[in-house]
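Data first, discussion second: the structure below is written as structure tokens.
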Amino acid sequence: MTWLITGGAGYIGAHVARAMTDAGERVLALDDLSAGIPARLPADVPLVRGSSLDAGLLKRVLAEHGVTGVVHLAARKQVAESVARPTRYYQENVGGLATLLEAVAEAGIERFLFSSSAAVYGNPDVELITEDTPCGPVNPYGETKLTGEWLVRAAGQAHGISTVCLRYFNVAGAAAPELADTGVFNIVPMVFDRLTRDEAPRIFGDDYPTPDGTCIRDYIHVADLAEAHLAAARRLGDRSGDLTVNIGRGEGVSVREMVTVIGEVTGDRRPAVVEPRRPGDAPVSVASAARAAEELGWTARRGVREMIESAWQGWRTHHAG
Ligand SMILES: NC(=O)c1ccc[n+]([C@@H]2O[C@H](COP(=O)([O-])OP(=O)(O)OC[C@H]3O[C@@H](n4cnc5c(N)ncnc54)[C@H](O)[C@@H]3O)[C@@H](O)[C@H]2O)c1
């Protein structure tokens, strides 16, 4: 097998590339480097610089490298930017996927894994989100992921491609400092950023209907997530058809609890300031992890403290000096 990982120089893509090469798979990365960092990739993983929108390049790469399976992570992922620039998000996330699937079908590739997101659910009013919970994305980013899932399934059926859509919940941590997320788009780097600036962490709303009043999320260590990709890649070889799976721990952690652990790990325990709720934040978003265990034989092993400790090491490496 030779796997093409699109978005392979990204935060999650580089973790997936490492987990797959460590497991003995042959891997190749494609990335336009709009957000990727080539040095994240293992030395034995070739990087093709280019876009998932470039049909000619995709055709050439799939043929020249004898690609037999694709893990598609390349996408734009900022919710606020997707609200401001929806056409760009549909073009990159849906257009890029359509172009890639066309090339995959033409090349006769039979295995395809798609990076989806809990954003497809929107804000469902349930304690545990199962894969059968109705989807209702509340921003263009989530819409592009849901549309992407539909496209992946339809193309799979039309062209005999075995497909898996993984719906990631809140990803955090790093398997090594140099692989850490450099963006400041979710709670862990946002709190690190505040502390580094000598400012108090911010909590957006403490009047939600939850035990401590702050929002509850399901955090997943990126190294566990990478292992889930490996399990899914193997599953693609064993069975045909399509599968959609939540990737989370099935455990909720509140924003206030996260801020407390970040204080313990960084040694900076200054109290958070509470600001008004942000529009669109669901009170609770926690995955049912049952299908992943059943269908992929995969369960997350790492906890929140390990996520925050590894993310902090990564943050300090990237922000040294
Ligand atoms: N990080 C999260 O919490 C999270 C949660 C749910 C889903 N996801 C999904 O996981 C995937 C990876 O996310 P990430 O956190 O690693 O983000 P990231 O920005 O670090 O990685 C995305 C990579 O794709 C590349 N890229 C973007 N558009 C491209 C294109 N058209 N052609 C080629 N390369 C392109 C970027 O340069 C980057 O290296 C995305 O599809 C994202 O939507 C991420």
Taking a cut-off of 13 Å, what percent of all Cα-Cα pairs in region 264-321 are separated by more than that?
78 percent
For region 82-206, what does the relative contact order come out to in percent, with C-alpha contacts under 8 Å and a separation of six or more?
27 percent
Residues other than Gly297 with Cβ under 12 Å of its Cβ, Lys/Arg counted +1 and Asp/Glu -1, net out at -1
Starting from the Cα coordinates of region 134-210, work out the convex hull volume and express it per residue in Å³.
171 Å³
Rounded to 5, percent antiparallel among DSSP beta bridges of the chain
5 percent
For region 17-123, what is the accessible area per residue in Å², given a 1.4 Å probe and the full set of protein chains?
45 Å²
Span per principal axis, largest first, for the Cα atoms of region 121-161 (Å):
37, 21, 9
Long-range HN-HN contacts of Tyr168 with modeled amide H, under 5 Å
Ser116, Ser117, Ala118, Ile247
From the P(r) of region 231-306, could you give the percentage of C-alpha pairs in the tail past 20 Å?
53 percent
So who's got an amide H within less than 5 Å of the one on Val286, skipping anything under 5 residues away but keeping other chains? H placed 1.01 Å off N, in plane.
Ile129
Region 285-297 - phi-based ³J(HN,Hα) in whole Hz, Karplus 6.51/-1.76/1.60, Gly and Pro as x:
9, 10, 7, 7, 9, 5, 5, 4, 5, 6, 8, 10, x
With a 1.4 Å probe and all protein chains left in place, how much of the accessible area of the chain comes from carbon and sulfur atoms, in whole percent?
49 percent
Kindly state, as a whole number, the per residue volume in cubic angstrom of the convex hull around the alpha carbon atoms of the chain.
123 Å³
Per residue of region 74-87, what does 6.51 cos²θ - 1.76 cosθ + 1.60 with θ = phi - 60° give for ³J(HN,Hα)? Whole Hz please, x for Gly and Pro, Karplus curve as stated.
4, 5, 8, 9, 9, 4, 4, 5, 5, 6, 6, 10, x, 5
Across 5 Å bins from the origin, how do the percents of Cα pairs in region 176-321 run, short distances first?
2, 9, 17, 19, 17, 15, 10, 6, 3, 1, 0
If you take the charge dipole of the chain about its Cα centre, with +1 on Lys and Arg Cβ and -1 on Asp and Glu Cβ, which of Trp150, Leu100, Ile161 is farthest toward its positive end?
Leu100
In the neighbourhood of Ser285 defined by beta carbon distances under 10 Å, the net charge of the other residues (Lys, Arg +1; Asp, Glu -1) is -1
Once amide hydrogens are built 1.01 Å from N within the peptide plane, the residues lying 5 or more places from Arg26 or on another chain with amide H under 5 Å from its amide H are Trp3
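The values are calculated or read from the model by the stated rules, or taken from the named source; none is laboratory data. Remember, predicted model here, so these are calculated numbers, not experimental data. We place every Cβ from the backbone using ideal geometry, glycine too, and count neighbours over all the protein chains shown. Surface accessibility is based on the protein's heavy atoms, side chains included, excluding ligands, DNA and RNA. Shrake-Rupley method; radii C 1.70, N 1.55, O 1.52, S 1.80 Å.
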